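**Q** Take this structure first; my questions come after.
The values are calculated or read from the model by the stated rules, or taken from the named source; none is laboratory data. Everything quoted here is computed from the prediction, not taken from an experiment. Because the Cβ atoms are built from the backbone with ideal geometry, glycine has one as well, and the counts that use them run over all protein chains shown. For accessibility, only protein heavy atoms count, side chains too; no ligands or nucleic acids. Shrake-Rupley method; radii C 1.70, N 1.55, O 1.52, S 1.80 Å.
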Amino acid sequence: MTTYYTKEHEWLRVDGDVATVGITAHAAEELGEIVFFEVTAQGAIKQGDSAAVVESVKAASDIYAPVDGEVVDANPSLADDPSLINSAPEADGWMFTLRITDASQLDGLLDAEAYKALIG
Amino acid sequence: MLETPLLALHKELGARIVPFAGYAMPLQYPAGIMAEHLHTRAKAGLFDVSHMGQVSVRPLDGDMASAARAIETIVPVDVVGLKPGRQRYGFLTNDKGGILDDLMIANLGDRFLIVVNAACKAADTALFQSVLSPTCEVEPMDRRALIALQGPEAEQALARFAPAVADMKFMDVIQTDFDGLDVIVSRSGYTGEDGFEISVNDADVERVARALLKQPEVAPIGLGARDSLRLESGLCLYGSDLDETTTPVEGALEWAIQKIRRADGGRAGGFPGSDVIQRQFAEGAPRRRVGLLVEGRAPIRGGAPLFAEVEGGEPIGVVTSGAFGPTLQAPVAMGYVATPYAQTGSAIFAELRGRRTPVTVAAMPFVPPGFKR
């Protein structure tokens with residue numbers, strides 16, 4: 001399994017052709033307390049399309065598809081406890097799984113070191 | 001970017017600073033909006049609201065009644081009847097009855113102190129000067145900070161430094177001293193809780209803020225929680241819930257226009273837009289500001305259109321403010337709807353991400369107020 005990061009502060013853990021997607025601890029900290037999470041995409045989506053939405057007390061934020069794919073599952077735990085995104089953003093607070101349709105796009109993403117450099 | 005005299009303190013406390021009405025202001029501190037909101041409802045929160053405008057209006061001949069009558073030509077509330085040591089809510093109107101700004105006006109005995117919104121303070125001050133300056137000295141108090149201490153334990157914390165505040169009731173205003181510093185204190189605020197606003201010289205405000213923050217009840221609170229607190233309490237944010245196109249009747253602010261200023265009152269009308277506003281008092285307005293409760297946990301936000309039916313039809317209104325209410329643990333919103341839909345319990349729909357979500361018109365405030373009457 002390899003973990004990639006995006007400039008939009010998402011992570012994806014790739015196992016075969018399926019990626020588990022969430023937001024980074026840095027992004028969760030920036031958003032503040034999450035009160036609602038919903039996957040909004042259905043079927044095939046393109047890299048950069050809005051796939052889900054997180055709502056903090058203050059504002060709504062889109063979560064983008066990191067690569068082309070099809071949304072497979074949403075994290076069922078987040079319906080009852082969206083605060084998992086704050087408490088465990090890179091583990092139990094995962095958001096959805098995506099069946100990757102263009103694996104070559106992974107080459108354009110960041111590794112942990114590059115992401116760390118991005119957020120300073 | 002303009003700065004309040006507390007900016008360095010906010011940064012020291014770890015605040016996330018954002019631009020607001022031209023000022024660098026704290027959005028939240030490390031505790032976060034949810035915790036700050038709940039702390040204010042449970043104990044006492046300290047807010048920097050120094051971006052707001054404070055304007056002193058002093059009658060040149062000392063005649064407060066004639067100054068009050070002059071103010072009444074632009075503010076449609078009972079200013080003449082506002083007793084020394086009392087404050088009330090009001091607004092400035094335009095000739096269409098729209099609201100130019102909402103404000104607080106306090107009678108300090110020898111002058112009025114008017115507190116206005118940051119984004120409007122230049123225009124408001126110019127209006128006060130043009131209307132009032134023949135008989136009054138209109139002085140923007142640019143070197144004056146304003147902080148708010150809000151919550152059920154605000155009184156006990158503030159009274160340690162300014163014991164006189166313990167005898168104040170909601171909307172009283174006094175000039176007193178805070179540990180030897182001259183301050184003007186009103187028992188009011190923007191959270192729905194009991195609390196105080198404290199006007200103090202820029203040079204002294206950090207001392208006051210630090211002294212209050214050392215009290216066990218008190219935590220610093222940012223603009224994020226200020227917004228969710230005022231929204232749960234049904235209070236309007238000028239620029240979102242009120243603007244130049246909304247009248248006091250549309251804005252459900254009839255309570256702020258005392259009988260004496262309405263048709264058949266002793267000093268009826270005589271303010272910009274009074275024809276429109278008096279007609280709306282008699283006949284109603286085409287739309288009305290209402291509270292909205294949302295099913296589920298997804299907040300609806302300002303700008304979301306409102307519909308009568310789950311499908312089709314034209315919008316019947318729009319959401320003007322929406323957030324997640326930390327005390328209610330549910331989304332809360334307010335907005336304008338066509339008057340036939342404005343009754344409490346009216347079942348309508350808000351469009352959220354392309355889908356229509358059921359919402360119910362609800363009485364405000366959403367949480368019971370904690371005022372000490």
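**Q** What does the accessible area of B:THR40 come to, in Å² to the nearest 10, when a probe of 1.4 Å is used?
**A** For B:THR40, the solvent-accessible surface is approximately 0 Å².
**Q** So for the pair B:ASP179, B:VAL18, with labels modelled 7 Å out along Cα→Cβ, what separation do we get in nm?
**A** Modelled inter-label distance: 3.1 nm.
**Q** Whole-Hz ³J(HN,Hα) for each residue in segment B:197-210, computed from phi via Karplus 6.51 cos²θ - 1.76 cosθ + 1.60 with θ = phi - 60°, x for glycine and proline: what do you get?
**A** Karplus-based 3J(HN,Hα) across segment B:197-210 equals 10, 10, 9, 8, 4, 3, 5, 9, 5, 5, 4, 5, 4, 5 Hz.
**Q** Give me the number: length gained by fully extending B:ALA159 to B:ALA8, i.e. 0.36 nm times residue separation minus the C-alpha to C-alpha distance, one decimal in nm. Walk me through the numbers before you get to the answer.
**A** On the way: separation 151, 0.36 × 151 = 54.36 nm, distance 2.60 nm.
Contour length minus Cα-Cα distance gives 51.8 nm.
**Q** I'd like the distance separating the alpha-carbon centroids of segment B:233-281 and segment A:76-120, in whole Å.
**A** With segment B:233-281 and segment A:76-120 each reduced to a Cα centre, they are spaced 51 Å.
**Q** Could you list which residues have their amide H under 5 Å from that of B:PHE170, counting only those 5 or more apart in sequence or on another chain, with H placed in the peptide plane?
**A** Correct list: B:LYS372, B:ARG373.
**Q** Still on this structure: If you count, for every residue in B:323-331, the Cβ atoms of partner chains within 10 Å of its Cβ, what is the mean?
**A** Neighbouring Cβ atoms belonging to other protein chains average 3 per residue here.
**Q** Might you work out the accessible area of B:GLU250 for me, using a 1.4 Å probe with all protein chains in place, and round it to the nearest 10 Å²?
**A** Spelled out: B:GLU250, probe radius 1.4 Å, area about 10 Å².
**Q** Assuming R0 = 30 Å, can you tell me the calculated FRET efficiency for the pair B:ALA338 and B:ARG210, based on Cβ-Cβ distance, to the nearest 0.05?
**A** 0.05
**Q** Tell me the label-point distance for the pair B:SER130, A:LYS7, using the 7 Å Cα-to-Cβ offset, in nm and rounded to one decimal.
**A** 4.8 nm
**Q** Relative contact order for segment A:2-105 using alpha-carbon pairs under 8 Å, separation at least 6, rounded to a whole percent?
**A** It rounds to 30 percent for segment A:2-105.
**Q** A further question follows. Give me a single rounded figure for B:45-53: the average over its residues of other chain Cβ atoms within 10 Å of their Cβ.
**A** 0
**Q** Sequence gap at least 6, Cα distance under 8 Å: using those rules, report the relative contact order of chain B to the nearest whole percent.
**A** Values: 876 pairs, mean separation 66.3, N = 373.
Relative contact order, chain B: 18 percent.
**Q** While we're here: Could you point to the residue in A:GLY32, B:ALA263, B:GLY22 farthest towards the positive end of the protein assembly as shown's charge dipole, with +1 and -1 charges on the Cβ of Lys/Arg and Asp/Glu respectively?
**A** B:ALA263
**Q** Still on this structure: Tabulate in residue order the Karplus-calculated ³J(HN,Hα) for segment B:236-243, using 6.51 cos²θ - 1.76 cosθ + 1.60 with θ = phi - 60°, rounded to whole Hz; enter x for Gly and Pro.
**A** 7, 9, 5, x, 10, 8, 9, 7
**Q** When the Karplus curve 6.51 cos²θ - 1.76 cosθ + 1.60 is applied with θ = phi - 60°, which whole-Hz ³J(HN,Hα) does each residue of segment A:96-112 get, with x for Gly and Pro?
**A** Once rounded to whole Hz, the list reads 7, 10, 9, 7, 6, 9, 9, 5, 5, 5, 4, 4, x, 8, 9, 8, 4.
**Q** Amide H to amide H under 5 Å from A:ALA51: which residues, 5+ apart in sequence or cross-chain, H placed 1.01 Å off N in plane?
**A** For A:ALA51, the qualifying residues are A:ILE63, A:TYR64, A:ALA65.
**Q** Per residue, how many Å² of accessible area does the protein assembly as shown show with a 1.4 Å probe?
**A** That works out to 41 Å² for each residue.
**Q** Rank these by accessible area, largest first, 1.4 Å probe: B:GLU197, B:GLU244.
**A** Details: B:GLU197 25, B:GLU244 110 Å².
Largest accessible area first, the residues go B:GLU244, B:GLU197.
**Q** With each pseudo-label sitting 7 Å past Cα toward Cβ, what's the B:ALA65-B:LEU38 distance in nm, one decimal?
**A** 5.4 nm
**Q** Another one. Sorting A:SER56, A:SER104 by accessible area (1.4 Å probe), largest first, what list results?
**A** I get A:SER104, A:SER56, largest accessible area first.
**Q** Same structure again: If you take each beta carbon of peptide A:57-69 and count the beta carbons of other chains within 10 angstrom, what is the mean? Spell out each step's value before the answer.
**A** Details: counts 16, 12, 4, 7, 0, 1, 0, 0, 0, 0, 0, 0, 0.
Average per residue, whole number: 3.
**Q** FRET efficiency for B:ALA268 and A:ALA59, Cβ-Cβ distance as r, R0 = 41 Å, nearest 0.05?
**A** 0.40
**Q** OK, next. How large is the accessible surface of B:ARG262 in square angstrom, using a 1.4 angstrom probe and rounding to the nearest 10?
**A** 60 Å²
**Q** Check A:ASP92: other-chain or 5+ apart residues with amide H under 5 Å from its amide H, H built from backbone geometry?
**A** Result for A:ASP92 returns nothing.
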